[in-house]
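I have placed the structure first, in the form of structure tokens, so that the comments after it can refer back to it.
Since every read-out is calculated from the coordinates, none of them should be taken as a lab result. Note that the coordinates shown come from a computational prediction; the quantities given were computed from them, not determined experimentally. Counting neighbours? That spans all protein chains shown, and the Cβs are built from the backbone with ideal geometry, glycine included.
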Amino acid sequence: MDAAERDELFRDFGIDVENITQPEYRRIRAEFSLLTIIGQWAGTVVMSSIGLGMAYVFFFVPWPVNLPIMLLVLAGTACLIYFATRNDYSWVELEDNVIRARHMYTGRLIERTVDEIKELVPRVILGHSASAQIASAWMGRIRMMEIRFQDGKAPFQICRSDPAMSNAREFMEALVYQMSQHGEVATEVTTLDGRPLLKRICWKQLSGDER
């Protein structure tokens, strides 16, 4: 299977475990472009500005009613931004058994190991509306792959589209290869709109039971 065929498979199905081979390089990084990162930052700044603007408007409400409203608006804005950005990483890197990720906003570097993985799960474009069908046909069904961990902490997201990370497929193939070097890997497949779709990749022990 050549690169174009693997790209097409990744676009609408996911990762084919049976066709995984040893990656060419020990280290591979999936990352957003600088333009995408700037766009993400701009969106966050706009959301923050809207929240601050609303709080400023309520400043002119008569005292003491204005204070709790302002605090509520600020707290709501902070919560919204936190939940919207907590899983945003500018890049995710795999080097042998180690997975590293750099948070897009805090710059924090997080390290995990392949042994800590629970499962790899695709996030797909769902819905039967015309817009969903057009988006699925245009961009592919797979939006991203989530790397979920056994301790339940925040997953790493490898985005295939909207917006896309470079080397997303190559990263996921290398990750599955590393998993196969540490244990037996199982694949679960489902059917969506009459076509096969990857449901998850996990350790063999997790196929039906928790590891």
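Exposure proxy ranking for Glu18, Glu119, Glu8, Glu146, based on other Cβ atoms within 10 angstrom of each Cβ and starting from the fewest, stands as Glu18, Glu8, Glu146, Glu119.
Compute the relative contact order of the chain as a whole-number percentage, counting only Cα pairs closer than 8 Å that sit 6 or more residues apart in sequence. Relative contact order here is 25 percent. Does the stretch 36-84 come out rounded, prolate or oblate by the C-alpha gyration tensor, with a ≥ b ≥ c the root eigenvalues, rounded set by a/c under 1.5 and, if not, prolate when a/b is larger than b/c and oblate if not? Cα axes put the stretch 36-84 in the oblate bin. On the basis of the beta-carbon distance and an R0 of 30 Å, Trp63 and His103 show a calculated FRET efficiency of 0.15.
Each residue in Ser49, Ser161 was given a count of other beta-carbon atoms within 10 angstrom of its own, and listing them fewest first yields Ser49, Ser161. The angle separating the long axis of helix 66-85 from the principal Cα axis of greatest extent in the chain is about 10 degrees.
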